[in-house]
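The values are calculated or read from the model by the stated rules, or taken from the named source; none is laboratory data. This is a predicted model, so every value here is computed, not measured. Counting neighbours? That spans all protein chains shown, and the Cβs are built from the backbone with ideal geometry, glycine included.
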């Protein structure tokens, strides 16, 4: 059996921001119906699994305006235009936790909201974390970032998920990968 995909008949950009674009698409879906769909177009992102040593992971605590609260998360960030995902993982590691990874290992990719968004989250295990070289280029945080870095054992982090202290789904899923 061959499954066919949908056909985009038209697409109108309704919003363009620095992280994503929103389009209104007219499509014919596999069942033959023609529908209008709102789509969030995103370049993709990286989610870091920064391991300090065996059984210890680095999490960040940051304020999220959309939730109006501080939450614990795995470090993560959007891909720059044309950026290699592994290079982005190393860049985000230095930007968000101030450390450079000695090893960057792909752990898988998942779509967090496939019903309306094209974003794919690329997970990377990072090991051999060390301070950046003196005099090297300094990484820059985004304007909205106020990040607190903390190291937890994997058992502590997983218990935080069970207690509802970690409410970020990318983080809860990421902790299953290590």
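Evaluate the following for residue 149: is it touching a helix residue (DSSP H, G or I) at 6+ places or on another chain (Cβ under 6 Å), modelled with pLDDT of 95 or more, surrounded by 16 or more Cβ atoms within 10 Å (Cβ to Cβ) and under 20 Å from residue 60 (Cα atoms)?
Against the criterion (touching a helix residue (DSSP H, G or I) at 6+ places or on another chain (Cβ under 6 Å), modelled with pLDDT of 95 or more, surrounded by 16 or more Cβ atoms within 10 Å (Cβ to Cβ) and under 20 Å from residue 60 (Cα atoms)), residue 149 does not qualify.
Are any of the residues in region 64-71 under 23 Å from residue 108 (Cβ atoms) and in the same structural domain as residue 165 (by TED's automatic domain parsing)?
Yes, that holds for at least one residue.
Just one of the numbered conditions (1) out of contact with any helix residue (DSSP H, G or I) (no Cβ under 7 Å at 6 or more places or on another chain); (2) touching a residue at least 60 places away in the same chain (Cβ under 8 Å); (3) within 23 Å of residue 133 (Cβ to Cβ) is not true of residue 60; which one?
(1)
Residues to consider are 6, 32, 102; find the one that is on the phi > 0 side of the Ramachandran plot and either in contact with a strand residue (DSSP E or B) (Cβ under 8 Å, 6 or more places away or on another chain) or modelled with pLDDT under 95 (or both).
Among 6, 32, 102, only 32 is on the phi > 0 side of the Ramachandran plot and either in contact with a strand residue (DSSP E or B) (Cβ under 8 Å, 6 or more places away or on another chain) or modelled with pLDDT under 95 (or both).
When the residues of region 168-178 are narrowed to those that are touching a strand residue (DSSP E or B) at 6+ places or on another chain (Cβ under 9 Å) and farther than 14 Å from residue 112 by Cβ, which ends up surrounded by the most Cβ atoms within 10 Å (Cβ to Cβ)?
175
From the residues in region 103-118 that are touching a residue at least 40 places away in the same chain (Cβ under 8 Å) and under 28 Å from residue 52 (Cα atoms), which one is surrounded by the fewest Cβ atoms within 10 Å (Cβ to Cβ)?
Looking at residues that are touching a residue at least 40 places away in the same chain (Cβ under 8 Å) and under 28 Å from residue 52 (Cα atoms), I get 108.
Which of the residues belonging to region 58-75 are in contact with a strand residue (DSSP E or B) (Cβ under 6 Å, 6 or more places away or on another chain) and either over 20 Å from residue 90 (Cα atoms) or crowded, with 16+ Cβ neighbours inside 10 Å (or both)?
58, 59, 60, 62, 63, 64, 70, 71, 72, 73, 74, 75, listed by residue number.
Kindly provide the set of residues from region 74-105 that are farther than 28 Å from residue 38 by Cα and touching a helix residue (DSSP H, G or I) at 6+ places or on another chain (Cβ under 7 Å), ordered by number.
Hits for region 74-105 are 74, 75, 99, 100, 101, 104.
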